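Below is one structure, written out as structure tokens; the observations come after it.
The values are calculated or read from the model by the stated rules, or taken from the named source; none is laboratory data. Since this is a predicted model, take the numbers as computed values, not measurements. Positions of Cβ are generated from backbone atoms using ideal geometry, with glycine treated the same way; all protein chains shown enter the neighbour counts. To get the accessible areas, we keep the full protein, side chains included, count just its heavy atoms, and leave off ligands, DNA and RNA. Shrake-Rupley method; radii C 1.70, N 1.55, O 1.52, S 1.80 Å.
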Amino acid sequence: MEFWNATLGSGFILVGILDGSGFPELLCATITALYTLSLISNGLLLLVITMDARLHVPMYFLLGQLSLMDLLLTSVITPKAIMNYLLKDNTISFEGCALQMFLELAIGGAEDLLLAFMAYDRYVAICHPLNYTILMRPIVCWLMVATSWILAVKIALVLTITTMNYSFCKSREIRHLFCEIPPLLELACADTSSYELVVYLVGVLMLVLPLTAIFFSYAWILFTVFHMPSNEGRKKALVTCSSHMTVVGMYYGALIVIYVLPSSYHNPKQDNILSVFYTIVSPALNPLIYSLRNKKVTEALRRVLGNICCHHNIKRVPILHFQT
């Protein structure tokens with residue numbers, strides 16, 4: 001093992017899932033296909049929500065923000081991983097590692113909080129429909145998005161600066177798909193147990209608390225749904241909520257294992273697989289989960305694509321104006 005000391009201007013070697021795979025070419029092609037799917041599906045969903053006035057309501061506004069976050073998150077990780085494999089160069093500079101870590105933490109943290117706000121939106125829509133236009137008015141929606149970003153960016157900045165201030169002398173190799181806190185701390189020269197506790201507490205704050213809020217929101221939603229007199233209304237509510245719960249399960253499950261479970265339960269191979277799941281697989285599947293089971297989205301997609309194909313002039317309505 002090569003012993004060294006990481007400083008500003010030096011770098012690391014990312015040893016990710018592609019390097020330890022028995023079929024790296026097939027895995028690289030799969031990851032490339034998933035990234036392409038993510039770009040297309042999230043891009044189309046953003047386009048449809050922006051251009052179709054019928055979708056200018058809080059639920060789809062928040063869904064559009066989720067698509068934007070998914071698009072950014074996978075773009076921070078996937079192109080670098082693919083190019084590393086194709087160019088046979090797994091190095092990443094100290095500065096590049098810090099930037100990648102900050103962006104992943106900021107975007108991922110914002111998505112954690114946004115998913116909780118999306119659950120609250122469904123709770124208000126189903127359990128308090130008469131007050132929905134008041135409780136979910138445009139300014140409230142923008143405050144939800146701003147809170148998600150501001151809180152996540154502040155926490156990401158503190159964690160990134162603290163992590164990168166450690167001296168790394170055990171090895172240059174980060175046994176992970178990208179620069180993330182747990183695998184980097186394994187390379188630190190100093191004792192990191194106190195800081196690992198801080199990371200654990202932040203994980204509880206950013207993951208467990210929002211997930212608990214989501215759980216109670218949907219528990220109350222299910223209670224309300226099963227007391228609905230209309231079968232059609234019950235079915236519509238269950239379809240919408242099941243899509244959101246599927247996304248929540250995929251995203252939070254992997255993150256909780258990495259950031260909340262004790263380090264004794266971790267191994268590089270498992271963490272690599274989980275990181276692929278929430279940074280590559282989940283962003284590619286989220287738009288499909290939401291749109292394929294949602295008639296409003298599929299109908300809006302047909303209208304927008306039809307208008308584009310026919311070269312019609314589409315009058316764009318600002319996303320700020322929600323329908324009441």
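Once you list every other residue whose beta carbon is under 15 Å from the beta carbon of VAL260, what net charge do they have if Lys and Arg are +1 and Asp and Glu are -1? Once positives and negatives cancel, what remains is -4. The accessible-area ordering, largest first, of the residues PHE23, PHE178 stands as PHE23, PHE178, per a 1.4 angstrom probe. Rolling a 1.4 Å probe over the heavy atoms of the protein chains gives segment 9-147 an accessible area of 39 Å² per residue. Taking only the C-alpha atoms of segment 102-198, Rg followed by Dmax gives 18.8, 60 Å. For the Cα trace of the chain, dividing Rg by the Kirkwood Rh returns an Rg/Rh value of 1.00. Listed by chain and number, the lysines whose alpha-carbon sits under 16 Å from that of LYS170, ignoring those within fewer than 8 places in the same chain, form an empty set.
Top mean-square fluctuation among LEU197, LEU66, LEU114, Gaussian network model of the chain, C-alpha springs under 10 Å? Between LEU197, LEU66, LEU114, it is LEU197 that shows the largest mean-square fluctuation. On the chain, 69 percent of the accessible area sits on carbon and sulfur atoms, based on a 1.4 Å probe. Proximity of backbone amide H atoms, modeled 1.01 Å from N, is registered between HIS56 and GLN323 at under 5 Å, excluding neighbours fewer than 5 places apart on the same chain. Distance between the 7 Å Cα→Cβ label points at LEU99 and ALA53: 4.2 nm. The helix-based estimate of mean residue ellipticity at 222 nm for the chain, built from -39,500 (n - 2.57) per DSSP H run of four or more residues and divided by its residue count, is -23000 deg cm²/dmol to the nearest 500. For segment 190-292, the Cα-based Rg and Dmax, in that order, read 17.4, 62 Å. For segment 110-118, backbone phi angles converted through the Karplus equation (6.51, -1.76, 1.60; θ = phi - 60°) give residue-by-residue couplings of 4, 5, 3, 6, 4, 4, 5, 5, 5 Hz, Gly and Pro being listed as x. Ignoring lysines fewer than eight residues from LYS235 along the same chain, the ones with Cα atoms less than 23 angstrom from its Cα are LYS295, LYS296.
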